[in-house]
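Student: I'd like to ask some things about the structure below.
The values are calculated or read from the model by the stated rules, or taken from the named source; none is laboratory data. In this text, all values refer to a predicted model and were calculated from it rather than measured experimentally. Here the Cβ positions follow ideal geometry from the backbone for every residue, glycine too, while neighbour counts run over all protein chains shown. Side chains are part of the model used for accessible areas, which takes the heavy atoms of the whole protein and leaves out ligands, DNA and RNA. Shrake-Rupley method; radii C 1.70, N 1.55, O 1.52, S 1.80 Å.
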Amino acid sequence: MTIKEVAALAKPWVSGSAQPFVRIQSITKKFDDFVAVDDVSLDIYKGELFCLLGGSGCGKSTLLRMLAGFETPTEGSIEIDGQDMAGIPAYDRPTNMMFQSYALFPHMTVERNIAYGLLREGVRKAEAMERVADMLRLVQLERFAGRKPDQLSGGQRQRVALARALVKRPKLLLLDEPLGALDKKLREETQFELVKIQETLGVTFIVVTHDQEEAMTISSRIGVMNAGRIVQVGEPAEIYEHPNSRFVADFIGSVNLFAGHVTVDEADHIDIATPELEGVIHVGHGVSCSPGQELFYAIRPEKLRLSRARPDLPNTFPAMVDEVAYMGNLSIYRLRLPSGRHLNATQVNLSRHVEDAISWDENVWVSWDDNAGVVLTR
Ligand SMILES: Nc1ncnc2c1ncn2[C@@H]1O[C@H](COP(=O)(O)OP(=O)(O)O)[C@@H](O)[C@H]1O
Ligand SMILES: [Mg+2]
């Protein structure tokens, strides 16, 4: 096999080589007149860690709850592992759900909490305890087996909840804001653990989060949601580098957005004029648009270069430095253009002492490559 073929196998959504494990087809959920989930169709493949990402109230949890069987779709169908889920109650589905509020039993030990579901299902005690021991090893809580939940940190409780959800060996684990209760640093550490555990077991995960950095870190693919709809599906880099709309560009990471119109429309390049820049924006590839069309141009702060000497790049504009925020690993520059428009630019701090770094009130050139930005028509 060629490297390309191997890569395609690892990404069935690219190769189309596998049947989707989860098939969501035209799912709508209404609460009275209110449409919480609006005609969502989505295929998710075995072994994926798929993130549903969107702001509060956009319908993420409702979609997840329909997969779990806690909510009945108003319209549409859900298939899991080739089986139609219509009419199948939550407890008969090959799924398990981990909630944000971990809902551990306070009076039971860690071990008991994890074993509870198995014992209730009638799994023999010896087998149950063996499976619990495996899970404790997996989430690295062997030493804490005898503790009660209130004797654990937030991160440890989160791992107990994960072990409890996984011990039943679901084919599909649904996680609703699984790291929501953790502080930032612990959250970042736990993200890697979650990915490691998911890869070890090969279980398909669908994770709901409103945190775009988290989604970028852990996902095989991301489905971005807005107002009940899925607005884009893609791998993290795809969503970041090729957002399909202003909404996605703005929601994922930070972006400088210009509104303008097409002045040159050629097969291999276009020019965009915007009242916010003197001169035009050169785009180094063709775009399906028409001359005069109104559209948008998005460029990420890290794609902008700053220099005192005028560089030889197709997009070069004068600017003044309004503010500099030193963030350690990088600096964020707030630039003001002659039109009064502001731009954000980030520069990586490679060495500890940057002699003669560009600073406040300096006149500089801001520039970018003609393929550094994205043209958006909506
Ligand atoms: N049981 C319910 N009854 C009425 N409205 C609901 C119910 N559950 C959710 N909603 C509404 O549906 C929308 C989506 O909710 P939800 O799926 O929880 O959003 P998210 O998880 O993305 O924050 C919200 O406006 C919420 O108020
Ligand atoms: Mg929610």
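Student: Inspect all residues belonging to the range 63-85 and state whether any of them is farther than 30 Å from Lys30 by Cβ, more than 16 Å from ligand 1 (Cβ to nearest atom), among the hydrophobic types (A, V, I, L, M, F, W, C) and outside any loop (DSSP other than H, G, I, E, B).
Tutor: No: the range 63-85 contains no residue that is farther than 30 Å from Lys30 by Cβ, more than 16 Å from ligand 1 (Cβ to nearest atom), among the hydrophobic types (A, V, I, L, M, F, W, C) and outside any loop (DSSP other than H, G, I, E, B).
Student: Turning to a different aspect of this structure: Among the numbered conditions (1) more than 30 Å from Asp268 (Cβ to Cβ); (2) surrounded by fewer than 16 Cβ atoms within 10 Å (Cβ to Cβ), tell me where Pro311 comes up short.
Tutor: Failed condition: (1).
Student: OK, next. Restricting the range 171-192 to residues that are under 22 Å from Leu118 (Cα atoms) and in a loop (DSSP other than H, G, I, E, B), which is farthest from ligand 1 (Cβ to nearest atom)?
Tutor: Lys171
Student: Is it the case that the range 149-170 has a residue that's in contact with a strand residue (DSSP E or B) (Cβ under 7 Å, 6 or more places away or on another chain), closer than 30 Å to Ile24 by Cβ, assigned by TED's automatic domain parsing to the domain that holds Thr62 and part of a loop (DSSP other than H, G, I, E, B)?
Tutor: Taking every residue of the range 149-170 in turn, at least one turns out to be in contact with a strand residue (DSSP E or B) (Cβ under 7 Å, 6 or more places away or on another chain), closer than 30 Å to Ile24 by Cβ, assigned by TED's automatic domain parsing to the domain that holds Thr62 and part of a loop (DSSP other than H, G, I, E, B).
Student: Could you check Leu175 against (1) open to solvent by 10 Å² or more (accessible area, probe 1.4 Å); (2) under 22 Å from Asp81 (Cα atoms) and say which number it fails?
Tutor: Every condition holds for Leu175 apart from (1).
Student: Taking Ala298 as meeting all but one of (1) assigned to a loop (DSSP other than H, G, I, E, B); (2) surrounded by 13 or more Cβ atoms within 10 Å (Cβ to Cβ), write down the number of the exception.
Tutor: Condition (1) is where Ala298 drops out.
Student: Filter the range 338-363 for residues that are of a type in the set (A, V, I, L, M) and either within 32 Å of the chain's Cα centre (by Cα) or open to solvent by 90 Å² or more (accessible area, probe 1.4 Å) (or both); which is modelled with the lowest pLDDT?
Tutor: Here the answer is Leu350.
Student: A further question follows. Go through the range 46-63 and count every residue that is more than 10 Å from ligand 2 (Cβ to nearest atom) and either among the hydrophobic types (A, V, I, L, M, F, W, C) or modelled with pLDDT of 95 or more (or both).
Tutor: 4
Student: Quick test for you: out of Thr190, Thr204, pick the one residue that is in contact with a strand residue (DSSP E or B) (Cβ under 8 Å, 6 or more places away or on another chain) and either at pLDDT below 90 or open to solvent by less than 10 Å² (accessible area, probe 1.4 Å) (or both).
Tutor: Thr204
Student: Can you give me the number of residues within the range 86-111 that are open to solvent by 70 Å² or more (accessible area, probe 1.4 Å) and either in a strand (DSSP E or B) or within 16 Å of ligand 2 (Cβ to nearest atom) (or both)?
Tutor: Number satisfying all stated conditions: 3.
Student: For the range 15-25, which positions are over 10 Å from Ile44 (Cα atoms) and surrounded by 12 or more Cβ atoms within 10 Å (Cβ to Cβ)? Quick ask: steps written out before the conclusion?
Tutor: Initially, the range 15-25 is screened for residues over 10 Å from Ile44 (Cα atoms), giving 15-18, 25.
Selection gives Ser15, Ser17, Ala18, Gln25.
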